[in-house]
Amino acid sequence: MPDADLVKGASRGQVGAEFSMVVAFLFALGVMGVQFLGLGVTAVKVGHAAQEAAYVGASTPEPASDKTPCWAVTGGLVQSKDYADAAICQTVLENLGNVDPKLVSVSVSPSSLMQRGKHQPIHVTITYRQTITSPLLRAVLGDTFVTTGDAWSQ
């Protein structure tokens, strides 16, 4: 009979260990799900910011100049008033919300204000690189999540 009590005590300990492993896995899965949802929201924001930037770029009557566009200079998104296409850069930052501007790259085509004519479509591409912190999600997607939004003005 003493052997039966020993087996019951060991199985209770095994159940506790298995339960804690399942809880830890579910917690890690939950953290991964929250970050994955955040990446999806960021992708939607990037696409919307590209659409808004293309609209603003096509509808803002900025005089042609040979000034460097804000999106072509490091730090130009934040200090956009010193460069050309400031309205595009401000629109991008406003629509992306609380992102690090250093992780955002913007390109506009045609790139020069002098090359843009009336009723010419403008193509805006926004790329955002976000570091993934969840170990499970990092195993699936890699260290960095890159999302790109493309939009054309009409």
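Each reported figure results from applying straightforward, stated rules to the coordinates on display, with no laboratory input. All values derive from a computational prediction rather than experimental measurement. Backbone-built Cβ (ideal geometry, glycine too); neighbour counts: all protein chains shown.
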For this session: Would you calculate the separation in nanometres between label points at LEU39 and ASP150, each defined as 7 Å from the Cα along the Cα-to-beta-carbon direction?
Result: 2.1 nm
Problem set entry | Under Karplus coefficients 6.51, -1.76 and 1.60, residue-wise ³J(HN,Hα) of segment 141-154 in Hz, glycine/proline x | 9, x, 6, 10, 9, 10, 10, 10, x, 10, 8, 10, 7, 8
Exercise. Considering only the other residues whose Cβ falls under 12 Å of the Cβ of THR42, what net charge follows from Lys and Arg at +1 and Asp and Glu at -1?
Worked result: +1
Exercise. VAL73 versus VAL31, label points 7 Å from Cα toward the beta carbon: distance in nm?
Worked result: 4.1 nm
